[in-house]
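These notes concern the structure reproduced below.
The values are calculated or read from the model by the stated rules, or taken from the named source; none is laboratory data. What you see is a predicted model, and the numbers here were worked out from it, not measured in a lab. Cβ placement follows ideal geometry from the backbone for every residue including glycine, while neighbour counts extend to all protein chains displayed.
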Amino acid sequence: MKAEAELRRDVEQELASDPTIEANNIGITVNAGVVTLSGQVGTYHAKVQAEALVKRLHGVRGLANEIEVVPAEVGPTDTVLAENAVNLLKWKVGVPEDAIKVVVSQGRLTLEGKVSRAQQKIAAEETVAHLEGLKGLSNLITVEAPPAVDRAVVKQRILEALHRRAQIDAGRITVTVRDETVVLDGVIGSMAEGDEAESAAWGVPGVRNVENNLVVRA
């Protein structure tokens, strides 16, 4: 395991490398491989980006993102934010706009509804995450149960997807399929690798739920 001082230095350098993040406003604490980010940034995107950068670092076994989003200027009203989100979803190819409801309260946006594919749920969140004035985002969209699928076929497609992605050491991951739920077990080198493996599983037709039990270990 990396020394806490070394891991903290890695986090500082990683955040400072991205000009879209106000790295000087972010506090960093490290304890037993768990990194806690605090402080304030001007956009929700900066908060999410800071989390993504830290997750890809070796030695990070857990992350608490306590960064607060405080826009530098008065942002749009909740009504305008909701309207902007609805319009973005309307023009996003592959996202069923009529199936998704947008709720905004005090700058925090919630996505609700049902979709047929997990990728549609993910795409909807990515579409609205860059909205100006957004302070927080919750994705409560559910994925409808797909028709009965062959578990062996789903497992094989997930394994193939894992092997296609260069960021993943697929040989260290075990895939189990239980009905429409995929369970990922094994040891990985970074939290980002775990996110990538989970994304690969979500992208396979017939998957409704993913249980990510992957353990980060250098």
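Miscellaneous remarks
- Any hit, region 32-40, residues being more than 17 Å from residue 216 (Cβ to Cβ), in contact with a helix residue (DSSP H, G or I) (Cβ under 9 Å, 6 or more places away or on another chain) and assigned to a loop (DSSP other than H, G, I, E, B): no
- Single residue of region 54-80 satisfying the filter (of a type in the set (A, V, I, L, M, F, W, C) and farther than 16 Å from residue 9 by Cα) that is surrounded by the most Cβ atoms within 10 Å (Cβ to Cβ): 67
- Residues that are in contact (Cβ under 8 Å) with a residue 60 or more places away in the chain and either acidic (Asp, Glu) or not in a loop (DSSP other than H, G, I, E, B) (or both), drawn from region 63-100: 63, 69
- Inspection of region 80-102 finds no residue satisfying the criterion of being in contact with a helix residue (DSSP H, G or I) (Cβ under 7 Å, 6 or more places away or on another chain) and polar (S, T, N, Q).
- Some residue of region 164-179 being under 30 Å from residue 97 (Cβ atoms), surrounded by 15 or more Cβ atoms within 10 Å (Cβ to Cβ) and of a type in the set (Gly, Ala, Ser): no
- Among the candidates 20, 29, the residue that is outside the structural domain of residue 135 (by TED's automatic domain parsing), more than 29 Å from residue 76 (Cβ to Cβ) and either part of a loop (DSSP other than H, G, I, E, B) or among the hydroxyl-bearing types (Ser, Thr, Tyr) (or both) is uniquely 29.
- Listed by position, the strands (runs of 3 or more DSSP E) enclosed by region 138-218 that each have at least 1 residues that are closer than 28 Å to residue 108 by Cα are 209-212.
- In region 1-37, the residues that are on the phi > 0 side of the Ramachandran plot and free of Cβ contacts under 8 Å to residues at least 60 places away in the same chain: 32
- Residue within region 110-129 that is loosely packed, with under 14 Cβ neighbours inside 10 Å, under 20 Å from residue 46 (Cα atoms), among the polar types (S, T, N, Q) and not assigned by TED's automatic domain parsing to the domain that holds residue 212 present: no
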